[in-house]
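In what follows, a structure is listed as structure tokens, so that the remarks can point back to it.
The values are calculated or read from the model by the stated rules, or taken from the named source; none is laboratory data. These numbers come from a predicted model, not from an experiment. We place every Cβ from the backbone using ideal geometry, glycine too, and count neighbours over all the protein chains shown. Just the protein is used for accessible areas: all its heavy atoms, side chains included, with ligands, DNA and RNA removed. Shrake-Rupley method; radii C 1.70, N 1.55, O 1.52, S 1.80 Å.
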Amino acid sequence: MEQTSGNDPLVEFIDVGVTKLSPAGAIMVILDRISFTAQQGQITGIIGASGSGKSTLIRLCNRLDDPSEGTILLNGQNIATIDPLLLRRKIAMVLQKPFMFEGTLLENLQRPFLFRNMAPPSAKSEEMARVLDLVQLPAEMLDRDARSLSGGEQQRVNLARALVNHPEVLLLDEPTSALDRPSTARLASTLSNICHNEHLAIIVVTHDLYLAEHIVNHLIYLEEGRIIEQGAGTQMLTMPQTTAFRNFLAQPERKQKSSS
Amino acid sequence: MNNLHIIPLNVIQLVSAYALILLSLALARLQHIGHEKQLLWSSMRMLFQLIAVGYLLHLVFAINSPLPVVLMLLAMAGFSLQVAGSRIKKRMPNFWRVVGSSIIIGCGGVTFYFCLLVVGYSPWFDPRYLIPLAGMIFGNAMNGASLAAERLSSEMHERREEIECALSLGATSRQSAQEAIRNAYSAALRPTINTMAATGIVALPGMMTGQILSGTEPIIAVRYQIAILCAITGAVAVTSFLIVQQGYRRFFTEAHQLKGE
């Protein structure tokens, strides 16, 4: 994949909005004037309760959906003008549920190459070694049936599969929702390593404070489709500026999770 | 060969046959199955529809000109399209346009090829050939069409995760829907494939039986049956192919996005 030179690869949201028609015909605002920047080599976290619009937001980045208004830039270029197939190689996405295609782990990792009509790298190739190393999966696992792997392992395959395209931006939608605490901690350190080694911009949607506390550089709090508060992660968590965010943090389920 | 006289069933004979429906009704009542009403209603429909179509065919045969034959075929196609559509609960976007155009091209093309080039009777509209042959082709293709359309919709619905996962990895809409397309096409062809394999062993096909009853030499009746099964398979294949190929696109935008439900 060609490397862009000059500007740091980054994603920029400028006044992005999404409206939908409800079944009754009323206009529903899903996202309202969203503006933020995700920098290269940084992890941007988007947190909020379910229904706050965070999943919709992340789906706009790789154009699984298009915004109703506003602009999203990748390296200063409007993503609406980029071929979606090329865009999705530059901006990889890890969906919430790790979907495994039928076949072995190796075949799952080879899929993205087949989509591009390219000869896939073999099990012994450097490329496979690189992605397996990034997500800490042993090479012996390559022959295993992907659907027989554990949830945590599937999540790693999911991540590795997104990385084979050498993306500039990595999107993750609720990556820890099916994971227990130790697996979450492992994933957090993996993401942190990937971000620094591969020099990616990572955008992660989560309702889990663990990721926000441990690896997120830039934190965005979303409520009912609006950004209520954004800033440096640790600072925001220790000194929330808005009542809304303070209330969100004070919810008992979150207190328990973050202290465990 | 056609010098055998077929017995023209008279009213008394028909009433005697209808006694068997009454017997079925009595058995249904005896078993407390509770579908007597349905049985009665269906048998009445069968009775009136067939008598009506009989007189209509009689008329069309008597006029012996292309217009009534073509109108009749169009009406048959319209009805079967409507039946196919009403059977499906979850219709794909642009259902009527996709299915309608596929049937017109698929069945129309195969019927044209089969009647004019394979059988090669003349004049081309001869209702004795065109109506039963086209009728069988359309009827079977319609079943295939509704299976293809229904299966495609349900596959696209059930495979949303898989499809969006593939799209996110840089797949085109076609690549991401590959499995759904394949399964829908295979589901549409399955009954025709099974029929071909079972025909002659499990059951004697209707057309062949009819021809034999009306005095056709069995060897010739069999040839017709082989030919029509080939035509049916071709029509089902072309129609279903067109439906899945046009159909899957309706679930995506130009930008390879899966449309919301």
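Averaged per residue, segment A:1-147 has 47 square angstrom of accessible surface, using a 1.4 angstrom probe with ligands and nucleic acids left out. Note on segment B:1-95: along the principal axes its Cα atoms extend 53, 50, 23 Å, ordered by decreasing extent.
What residues of segment A:98-129 lose no less than 40 Å² of accessible area with every protein chain in place versus their chain by itself (probe 1.4 Å, heavy atoms only)? Output list: A:PHE99, A:PHE101, A:PHE115.
Normalising by residue count, segment A:1-132 has a Cα convex hull of 161 Å³ per residue.
In terms of packing, defined here as the mean over residues of other Cβ atoms within 10 angstrom, the peptides A:182-189, A:147-154 line up highest first as A:182-189, A:147-154.
Solvent exposure of chain B, expressed per residue, is 58 Å² of accessible area, with all protein chains present and a 1.4 angstrom probe. Each listed q (0.13, 0.18, 0.26 Å⁻¹) maps to a log10 I(q)/I(0) for segment B:196-261, found by the Debye formula over equal Cα scatterers with no solvent: -0.55, -0.73, -1.06. Stokes-Einstein diffusion of segment B:62-110 at 37 °C, 0.692 mPa s viscosity, Kirkwood radius from Cα pairs, rounded to a whole number: 271 µm²/s. In a DSSP loop and with at most 11 other Cβ atoms within 10 Å, the trypsin sites (Lys or Arg not before Pro) in segment B:60-107 are B:LYS89.
Eigen-decomposition of the gyration tensor built on the alpha-carbon atoms of segment B:135-261 gives equivalent ellipsoid semi-axes of 40, 12, 10 angstrom, largest listed first.
Helices in chain B that qualify as membrane-span-like (whole DSSP H runs, Cα extent of at least 27 Å along the helix axis, mean Kyte-Doolittle hydropathy of 1.6 or higher) are B:11-30. Over 5 Å intervals from 0, what percent of Cα-Cα pairs in chain B sits in each interval? P(r) over chain B, rounded to whole percents: 1, 5, 10, 12, 14, 14, 14, 10, 8, 5, 3, 2, 1, 0, 0. With respect to chain A, whose longest principal axis is taken over its alpha-carbon atoms, helix A:181-197 is tilted by about 80°. For segment A:137-228, the equivalent ellipsoid derived from the alpha-carbon gyration tensor has semi-axes of 25, 16, 12 Å in decreasing order. Evaluated on chain A, the Kirkwood hydrodynamic radius is 19.0 Å, with distances taken between all distinct Cα atoms.
Pairing chain B with chain A buries about 1800 Å² of accessible area. This figure sums both sides and uses a 1.4 Å probe.
In segment B:163-180, which residues give up 50 Å² or more of accessible area once the other protein chains are added, compared with their chain alone (1.4 Å probe)? Those residues are B:GLU164, B:CYS165, B:SER168, B:LEU169, B:GLY170, B:GLN175.
Let me know the volume per residue of the alpha-carbon convex hull for segment B:74-189, in Å³.
103
Assuming charge only on the beta carbon of Lys and Arg (+1) and of Asp and Glu (-1), the dipole of chain B about its Cα centre is about 320 debye to the nearest 20. Of all the accessible heavy-atom surface of the protein assembly as shown, with the other protein chains kept in place and a 1.4 Å probe, what percent is carbon and sulfur? Heavy-atom surface of the protein assembly as shown belonging to carbon and sulfur, 1.4 Å probe: 59 percent. Counting Cα-Cα pairs of segment A:128-180 in 5 Å increments starting at 0 gives whole-percent bin shares of 4, 18, 30, 25, 16, 6, 0. Would you list the P(r) distribution for the protein assembly as shown, with all Cα-Cα distances sorted into 20 Å bins from 0 and each bin expressed as a whole %? Calculated over all Cα pairs of the protein assembly as shown, the distribution is 18, 38, 24, 17, 3, 0 percent.
Kindly give Rg over Rh for segment B:148-220, based on alpha-carbon atoms, with the Kirkwood expression for the hydrodynamic radius.
Numbers: Rg = 20.4 Å, Rh = 15.2 Å.
Rounded to two decimals, Rg/Rh equals 1.34.
Averaging 1/r across all pairs of distinct Cα atoms in segment B:39-127 and inverting the result yields a Kirkwood radius of 15.4 Å. I want to make sure I understand the PRE zone here: with the label point 7 angstrom from the Cα of A:ASP133 toward its beta carbon, which residues in segment A:76-107 have backbone N atoms less than 14 Å away? What the label zone holds, given the 14 Å backbone N cut-off, is no residue at all.
Total lysine pairs in the protein assembly as shown at Cα distances under 26 Å, for residues eight or more apart or on different chains: 19. For segment B:84-131, the Kirkwood estimate of hydrodynamic radius, built from reciprocal distances between every pair of different alpha carbons, is 12.6 Å.
If the only charges are +1 at each Lys and Arg Cβ and -1 at each Asp and Glu Cβ, what is the size of the charge dipole of chain A around the Cα centre, to the nearest 20 debye?
Here chain A has a charge dipole of around 340 debye.
Could you list log10 I(q)/I(0) for segment A:99-153 at q = 0.14 Å⁻¹, which the Debye formula gives when each Cα is one point scatterer? Log10 I(q)/I(0), no solvent term: -0.34. Computed with every protein chain present, the accessible area of B:VAL53 is close to 60 Å² [probe 1.4 Å].
For segment A:240-249, backbone phi angles converted through the Karplus equation (6.51, -1.76, 1.60; θ = phi - 60°) give residue-by-residue couplings of x, 8, 10, 4, 4, 5, 4, 4, 4, 5 Hz, Gly and Pro being listed as x.
In vacuo Debye scattering of segment A:173-220, one point per C-alpha: log10 I(q)/I(0) at q = 0.27 Å⁻¹? With no solvent term, the Cα-only Debye profile gives -1.12.
Sorted from greatest to least, the principal axis extents spanned by the alpha carbons of segment A:58-209 come out as 46, 40, 28 Å. For chain A, the residue among A:LEU179, A:TYR221, A:GLY76 whose Cα projects farthest onto the positive side of the dipole built from Cβ charges is A:LEU179.
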